[in-house]
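The values are calculated or read from the model by the stated rules, or taken from the named source; none is laboratory data. If you're wondering where the values come from, they're calculated on a predicted model, not measured in any experiment. Positions of Cβ are backbone-derived with ideal geometry, glycine not excepted, and every protein chain shown enters the neighbour counts. With ligands, DNA and RNA removed, areas are computed over all heavy atoms of the protein, side chains included. Shrake-Rupley method; radii C 1.70, N 1.55, O 1.52, S 1.80 Å.
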Amino acid sequence: MAKLFDTQQRIVPTWLEAARYLDQRPGRKAMNLVLEITDPLTITAEDRRLMDRVDLALGYSNLTLSTVAGTIFPLDLYRRYGRPAFYERHKEMLKRGKKAGTWGTYAARMIARPGRDGGEDINPLEMLVRRLSEEGQPHRKSGEASFASAYEMGIADPQHDLAEVFGGVGGEVPIYNVAFDGLRWMGFPCLSHLSFKRVAHDSEYVVNLTAVYRSHHYCARALGNLLGLGQLLWFVAQESGLSVGTLTCLSSHAELDTHTWGSIATTHNILTRSKLEEL
């Protein structure tokens, strides 16, 4: 049965609530955790104190929240170079830093995918931004958008589905690449699918983001992933002229991987405070 976490509004306390839930589950594992975050941009001083504790624990595995978040969206590059220049900067950086035998980053898959029949690379993220913008919308004579949503499965072809504006107001950024990932049992992306929705809210349009993870490690990756998804949602909203809406994350298989932080004791030291404000 799915478990919904939707009462905390911000990223950090929502992740904390889900992680505590996993700590009480058999084997510290669960299926279909749904985290709904209505304010994915706000990070309070209390949040940052908890993030510092997580960063300290992540040092055991040579990770940081910032590096994990950056695999989803390279916020520093975007702030420094802007759109579209940061796309090429990121590709150049990945060419220099990508380890042999690895698949790269989620951001790389969002901004560069092979075109059809070996043609020029396409940029699904750029297509998405243009499609979600007002200029990319189909309209009825009344001026309203044609549809309230797009209906999708995680099999989007970015060149076909995003390049052609055919009446939908949703969009996908496909991550899973069956040509490469379909032959792997391990080591392929855990983030399977991103779905954006352009939704009327009061007198404006907002963009919502739903992320689907086939497998999610709540010590090593989940908090950094959520921060990166928030950064991605902010970028898409900023560049498409929309407001930031709700971030929803479905972890179809979730695990509290305590070994990533060194020990169960370290994990409990971070998670078991009664209130986030006490950290």
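Show the residues, 5+ positions off or on another chain, whose built amide H is closer than 5 Å to the amide H of I122.
Amide H neighbours of I122, under 5 Å, 5+ apart: R113, G115.
Please label the shape of segment 1-63 as rounded, prolate or oblate, based on the square roots a ≥ b ≥ c of the eigenvalues of the alpha-carbon gyration tensor (a/c under 1.5 means rounded; beyond that, a/b larger than b/c means prolate, else oblate).
Values: a/c = 2.49, a/b = 1.15, b/c = 2.17.
Taking the square roots of the gyration eigenvalues as a ≥ b ≥ c, segment 1-63 is oblate.
Keeping every protein chain present and rolling a 1.4 Å probe, give me the accessible area per residue for segment 190-255 in Å².
Numbers: 1970 Å² over 66 residues.
I get 30 Å² per residue for segment 190-255.
Can you give the net charge of the other residues whose Cβ lies under 13 Å from the Cβ of Y81, counting K and R as +1 and D and E as -1? If you can, show how the numbers build up before the last one.
Numbers: positive: R79, R80, R83, R89, K91; negative: D76, E88, E92.
Overall, the nearby charge balance is +2.
What distance in nm separates the two pseudo spin-label positions at D39 and S66, each 7 Å out from Cα along the beta-carbon direction?
2.5 nm
Any idea how far apart R25 and H201 come out in nm if each label point goes 7 Å out from Cα toward Cβ?
Distance between the two pseudo-spin positions: 2.7 nm.
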